[in-house]
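Taking it in order: structure first as structure tokens, then the write-up.
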Number of protein chains: 2
Amino acid sequence: MSKVVIALDPPPKAEIEKWVRERVDYLDELASSFKVGLPLVLRTGVHRLRDLFSVSSKPLIADLKLADIGDIMAYVVEALADAGVSAVISHAFVGRRGALDVLVRKSEELGIKPVLVVSMSHPGSTEFIDKHLSEFVNMALELRVWGVVAPATRREVISRVRELAGSELRIFSPGVGAQGAEPGSAICCGADYEIVGRAVTNSPNPREALERIIYEQERRVRECRS
Amino acid sequence: MSKVVIALDPPPKAEIEKWVRERVDYLDELASSFKVGLPLVLRTGVHRLRDLFSVSSKPLIADLKLADIGDIMAYVVEALADAGVSAVISHAFVGRRGALDVLVRKSEELGIKPVLVVSMSHPGSTEFIDKHLSEFVNMALELRVWGVVAPATRREVISRVRELAGSELRIFSPGVGAQGAEPGSAICCGADYEIVGRAVTNSPNPREALERIIYEQERRVRECRS
């Protein structure tokens, strides 16, 4: 099983459903899971996800970057559970009391795995978010969430998250491919999965592009571990 | 024109479209604007908003609490503009570079008004968000956004935001009604609009409930200003 999560972010003008179905079809065998973001789900409506991913055998992660009060996040998680989603990405920043406490409880109840963003890939992440990195990781450990998100483009952040988390918490790293991080580089710093989007999904041959990325990832990981 | 924004958050089991249409119909004359949140838009799909609010003469605010990288937020704003939305609520904490910079530019281009969350009503807001309150308000001023969101349930926060913002920035205050803040109390502390949800929308007679809240709001504001 590969360590690649495929981010399905259709270009704004794409015929979304066709675009998604084709890529799920090409990539399902090789991907570890699929991730959809807010623009896609807002356009299709959450109820379309079950049908869109009906041919997929892999988990679906809803990367909604939730950041609301607990009640609202709980409503969203209910809708995601109805749609067959396996995991949801939320921000650590909203805090625990009346927000993540509620999200985690509702997610457990419905069998959805919560994942918390502890750092992001854009430069503005250092303005506020990254200042709380260690607090966020500690909170993620206390809440016993499934995993955290930290950017492949800033490897020192991943190393720090792994150091803080010990062997707990899966680390998901976006930014491999089009955003510049090399396949395998985040895993070498302690990540568990690398999230790849456009480098695969916008390729004329997505399956071949994913095979190449998996090959690169495995080669680099063998090297850094030898 | 009243100073009440109606938050349309349908209960999870409601027949959403009917629920929304009825309330828009009853409340349009008296509301200053309507606000929809993520659970509603995820369920209906963003493309349904134009039709759902076709009988409304008031602006529609999409309270998605965006907190993503700039490109993703820009895609969302495009979808909202297509759907006839007037304003979008985003989090301040994602930071400026590569996030809010992009959101503000795209929003201006499409005629959508950006509003930033600088504090929230749940207890967890003090864990991380509120520590940056003055930085968030200063950033909102620099970015020349349309307004900010601060909770009616914590009046000292609203007073502080007004003090920091001077006469710039509209302040929107959720938490009036079911969450406990009295109508008019946030305006007395410097807010421009009070956001009311369940106290009106779940009332057996929503229009009468809104009339009562507007009456209370005006009475309290007259008192505090006299």
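The values are calculated or read from the model by the stated rules, or taken from the named source; none is laboratory data. Since this is a predicted model, take the numbers as computed values, not measurements. All Cβ positions, glycine included, derive from the backbone under ideal geometry; neighbour counts span all protein chains shown. Ligands, DNA and RNA are stripped out before the accessible areas are found, and what is left, the full protein with its side chains, is counted by its heavy atoms. Shrake-Rupley method; radii C 1.70, N 1.55, O 1.52, S 1.80 Å.
Taking the criterion of being facing chain A (nearest Cβ under 9 Å) and either in a helix (DSSP H, G or I) or of a type in the set (Asp, Glu) (or both), the residues of region B:41-54 that qualify are B:Val41, B:Leu42, B:Arg43, B:Thr44, B:Val46, B:His47, B:Arg48. Of the residues making up region A:69-97, just one is outside any helix (DSSP H, G or I), at the interface with chain B (Cβ under 7 Å from one of its Cβ atoms) and open to solvent by 20 Å² or more (accessible area, probe 1.4 Å), namely A:Ile69.
Pairs meeting the criteria (first residue in region B:104-122 and more than 12 Å from B:Ala87 (Cβ to Cβ), second residue of a type in the set (Asp, Glu), beta carbons under 7 Å, at least 6 apart or on different chains) are B:Ser119/B:Asp130. Selection over region B:186-205 of residues that are open to solvent by less than 10 Å² (accessible area, probe 1.4 Å) and hydroxyl-bearing (Ser, Thr, Tyr) gives a count of 1. Being more than 12 Å from chain B (Cβ to nearest Cβ), surrounded by fewer than 21 Cβ atoms within 10 Å (Cβ to Cβ) and at negative phi: is that true of A:Glu108 here? So A:Glu108 passes the test.
Taking region A:134-146 as the range and being open to solvent by 20 Å² or more (accessible area, probe 1.4 Å) and either over 19 Å from A:Glu163 (Cβ atoms) or more than 9 Å from every other protein chain (Cβ to nearest Cβ) (or both) as the test, the residues that pass are A:Ser134, A:Asn138, A:Leu141, A:Glu142, A:Arg144, A:Trp146. Restricting attention to region A:118-133 and to residues that are in contact with a helix residue (DSSP H, G or I) (Cβ under 6 Å, 6 or more places away or on another chain) and more than 7 Å from chain B (Cβ to nearest Cβ), the residue that is surrounded by the fewest Cβ atoms within 10 Å (Cβ to Cβ) turns out to be A:Ser119. For region B:98-124, the set of residues classified as in contact with a Lys or Arg (Cβ under 9 Å, 6 or more places away or on another chain), under 26 Å from A:Gly98 (Cβ atoms) and in a helix (DSSP H, G or I) consists of B:Pro123, B:Gly124, listed by residue number. Can we say A:Leu100 is open to solvent by 10 Å² or more (accessible area, probe 1.4 Å) and in contact (Cβ under 8 Å) with a residue 24 or more places away in the chain? The answer is no for A:Leu100.
Quick check, is B:Ala165 more than 20 Å from B:Ser33 (Cα to Cα) and away from chain A (no Cβ under 14 Å)? Yes; evaluated as a whole, the condition is true for this residue. With respect to the conditions (1) open to solvent by less than 40 Å² (accessible area, probe 1.4 Å); (2) of a type in the set (A, V, I, L, M); (3) away from chain A (no Cβ under 12 Å), B:Ala14 falls short on a single one, namely (3). For the criterion of being under 26 Å from A:Gly95 (Cβ atoms) and of a type outside the set (Lys, Arg), B:Val94 passes. Here B:Ala178 passes the criteria (1) at pLDDT below 95; (2) hydrophobic (A, V, I, L, M, F, W, C); (3) in a helix (DSSP H, G or I) except the one numbered (3).
Applying the set (1) within 14 Å of another protein chain (Cβ to nearest Cβ); (2) under 30 Å from A:His122 (Cα atoms); (3) in contact with a strand residue (DSSP E or B) (Cβ under 8 Å, 6 or more places away or on another chain) to B:Ile61 leaves exactly one unmet item: (1).
Number of residues in region A:161-201 that are under 15 Å from A:Val117 (Cβ atoms), under 11 Å from the mean Cα position of the chain (by Cα) and β-branched (Val, Ile, Thr): the value is 2.
Give region A:3-30 a look and list any residue that's in contact (Cβ under 8 Å) with a residue 24 or more places away in the chain and assigned to a loop (DSSP other than H, G, I, E, B), or say none. Hits for region A:3-30 are A:Lys3, A:Asp9, A:Pro10, A:Pro11, A:Pro12, A:Asp28, A:Leu30.
Among the residues making up region A:181-213, those that are acidic (Asp, Glu) and either without any contact (Cβ under 8 Å) to a residue 40 or more places away in the chain or in a loop (DSSP other than H, G, I, E, B) (or both) are A:Glu182, A:Asp192, A:Glu208.
When B:Ala209 is tested against (1) over 29 Å from B:Asn138 (Cα atoms); (2) open to solvent by 10 Å² or more (accessible area, probe 1.4 Å), only condition (2) is not met. Which residues, counting only those in region A:158-175, are open to solvent by 10 Å² or more (accessible area, probe 1.4 Å), assigned to a helix (DSSP H, G or I) and hydrophobic (A, V, I, L, M, F, W, C)? If the condition is that a residue be open to solvent by 10 Å² or more (accessible area, probe 1.4 Å), assigned to a helix (DSSP H, G or I) and hydrophobic (A, V, I, L, M, F, W, C), then A:Leu164 is the only one that fits.
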